[in-house]
1. Can you tell me which condition Gly109 does not meet? The list is (1) assigned to a helix (DSSP H, G or I); (2) in contact with a strand residue (DSSP E or B) (Cβ under 9 Å, 6 or more places away or on another chain); (3) among the small types (Gly, Ala, Ser), and all the others hold.
2. On the basis of being part of a strand (DSSP E or B), open to solvent by less than 70 Å² (accessible area, probe 1.4 Å) and of a type outside the set (A, V, I, L, M), does Arg187 make the cut?
3. Going through segment 1-33 one residue at a time, which ones are open to solvent by 80 Å² or more (accessible area, probe 1.4 Å) and either at pLDDT 90 or above or among the acidic types (Asp, Glu) (or both)?
4. Give Leu123, Leu58 a once-over and let me know the one that is closer than 18 Å to Asp195 by Cα, open to solvent by 60 Å² or more (accessible area, probe 1.4 Å) and hydrophobic (A, V, I, L, M, F, W, C).
5. Kindly establish whether Gly109 is under 30 Å from Arg164 (Cα atoms), in contact with a Leu (Cβ under 9 Å, 6 or more places away or on another chain), of a type outside the set (Val, Ile, Thr) and at pLDDT below 95.
6. With respect to the numbered conditions (1) of a type outside the set (Ser, Thr, Tyr); (2) open to solvent by 60 Å² or more (accessible area, probe 1.4 Å); (3) under 25 Å from Tyr35 (Cα atoms), which one is the sole condition not fulfilled by Arg155?
7. Check off (1) within 22 Å of Asn127 (Cβ to Cβ); (2) open to solvent by less than 60 Å² (accessible area, probe 1.4 Å); (3) more than 22 Å from the chain's Cα centre (by Cα) for Ser68 and give me the number that stays unchecked.
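The values are calculated or read from the model by the stated rules, or taken from the named source; none is laboratory data. Not measured: the values here are computed from a predicted model. Cβ: placed from backbone, ideal geometry, glycine included. Neighbour counts: every protein chain shown. Ligands, DNA and RNA are stripped out before the accessible areas are found, and what is left, the full protein with its side chains, is counted by its heavy atoms. Shrake-Rupley method; radii C 1.70, N 1.55, O 1.52, S 1.80 Å.
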Amino acid sequence: MSGQHPPGAAGFSDGGERPWRSSELSGGAEYSAVYGDMIENLGDFLDRLAEAKPDPELLESLSAVLGSWARKLEPLGVRERDRVFGRRTDIPGRGQTMSPTIVVTESDGDSVSGTVRFGPYFLGGNNAAHGGTIPLMFDEILGRLANSGGRPPQRTAYLHTDFRSITPIARTLQLRAWLVSEEGRKRILKATLHDGDILCAEAEGLFVALRPDQP
């Protein structure tokens, strides 16, 4: 895969250090590009695996290769603060494969717009995305917005999702999130997911700023 990402895909407007990103985690643009390519290839592998019906010989070969790579990575484990997976805010999807990659097209401190595509890996059935992946995707976009714009670190207090129609896989969908209100430590945010003019799902989340003694 090319590993080329569209302009503005990496992140959100931010007024200070992002709490989900390690201050020690840099590595420069070259590292980001290489890691981004690896994650993109990993996501593509998961999509191809989800679509395939491999024969036993191929399964045995894949199992051996994956086991080999797991053993190579095992001694490289580091403390949470220094890990890379899910912490690269400078590349699409933060460098993770847990939820579908959100590509940001517009953002400021109070709103964000972009696109998202659910690949075959996120299939629930009948060409529809698994219902559990949609709240996960909403929590990703709302949580990142809640934690940007110079606001202090937040955590999700509740996330309510309404499923309005089928969310199709293998289509580019439109995603929008915005800040509704702020009161003390509490932030209410909303988001919508559209397939063209069709509203697939919408969500509301309450995010609460952490006190200094909270992890």
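1. Among (1) assigned to a helix (DSSP H, G or I); (2) in contact with a strand residue (DSSP E or B) (Cβ under 9 Å, 6 or more places away or on another chain); (3) among the small types (Gly, Ala, Ser), Gly109 violates only (1).
2. Numbers: part of a strand (DSSP E or B): yes; open to solvent by less than 70 Å² (accessible area, probe 1.4 Å): yes; of a type outside the set (A, V, I, L, M): yes.
Spelling it out, Arg187 is indeed part of a strand (DSSP E or B), open to solvent by less than 70 Å² (accessible area, probe 1.4 Å) and of a type outside the set (A, V, I, L, M).
3. Those that are open to solvent by 80 Å² or more (accessible area, probe 1.4 Å) and either at pLDDT 90 or above or among the acidic types (Asp, Glu) (or both): Glu17, Glu24, Glu30.
4. Values: Leu58 fails: closer than 18 Å to Asp195 by Cα.
Testing whether each residue is closer than 18 Å to Asp195 by Cα, open to solvent by 60 Å² or more (accessible area, probe 1.4 Å) and hydrophobic (A, V, I, L, M, F, W, C) leaves just Leu123.
5. Working: under 30 Å from Arg164 (Cα atoms): yes; in contact with a Leu (Cβ under 9 Å, 6 or more places away or on another chain): yes; of a type outside the set (Val, Ile, Thr): yes; at pLDDT below 95: yes.
In short, yes.
6. Tallying (1) of a type outside the set (Ser, Thr, Tyr); (2) open to solvent by 60 Å² or more (accessible area, probe 1.4 Å); (3) under 25 Å from Tyr35 (Cα atoms), Arg155 fails exactly one: (3).
7. (1)
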